[in-house]
Amino acid sequence: MRHAMSAAVVAAAALTACGSPVPPAPAGTETGTVSVAAPPTVVYPPTVVPSVVETAASWTMPDLVGKGLQDAQNAIQELTGYRIVITTSHDATGAKRRQLVDRNWKVCTQNVAPGATITPDTRIDFGAVKVEESC
């Protein structure tokens, strides 16, 4: 349709340039506009979003002493379905070294005792030393 309209516009311009009058548009046609049908509406099934009350949860804190720091952090995330994503850690030697590469550290202590109940609000902190060091 667009090509046909363009050809008509070019023909009209050519005729006007030659001094010929522009022929009128055929009856029942509209010039200068193109009608496009709207795409069909897609209706998806409703999404069920659990409320805060329905998703409140608690878990039992595992014993992670002796595990690699990264493995301990991953274990908490997996246990809680990523409801607890962030745990903290500190240098168990007291030297205040930062645990930049968690795989190079192992857990010596945990501030939440194994068997205790943890919730999404629980702050978990691991005391760690480098893998080759003793706790």
Phi-based couplings in Hz for the range 80-85 (Karplus 6.51, -1.76, 1.60; Gly and Pro marked x):
9, x, 6, 6, 10, 9
The summed charge of the residue 113 Cβ neighbourhood (under 15 Å; Lys/Arg +1, Asp/Glu -1) stands at -1
With a cut-off of 8 Å between alpha carbons and a minimum separation of six or more residues, what is the relative contact order of the range 53-130 in percent?
43
Net charge around residue 72, counting only other residues with Cβ within less than 14 Å of its Cβ (Lys, Arg = +1; Asp, Glu = -1)?
-2
Hz values of 3J(HN,Hα) by residue in the range 124-135 - Karplus curve (6.51, -1.76, 1.60), Gly and Pro given as x:
10, 10, 10, x, 9, 10, 4, 3, 7, 8, 8, 6
Can you give me the long-range amide H partners of residue 125? Hydrogens built in the peptide plane at 1.01 Å from N, cutoff under 5 Å, separation of 5 or more residues or another chain.
88, 111, 112
Could you please report the charge total around residue 127, scoring K, R as +1 and D, E as -1 over all other residues with beta-carbon less than 13 angstrom from its beta-carbon?
+2
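Values quoted throughout were computed directly from the atomic coordinates according to the rules given, and no laboratory measurement underlies them. Quantities reported herein were computed from a predicted structural model and do not represent experimental measurements. As a convention, Cβ positions derive from the backbone with ideal geometry for all residues, glycine included, and neighbour counts pool all protein chains shown.
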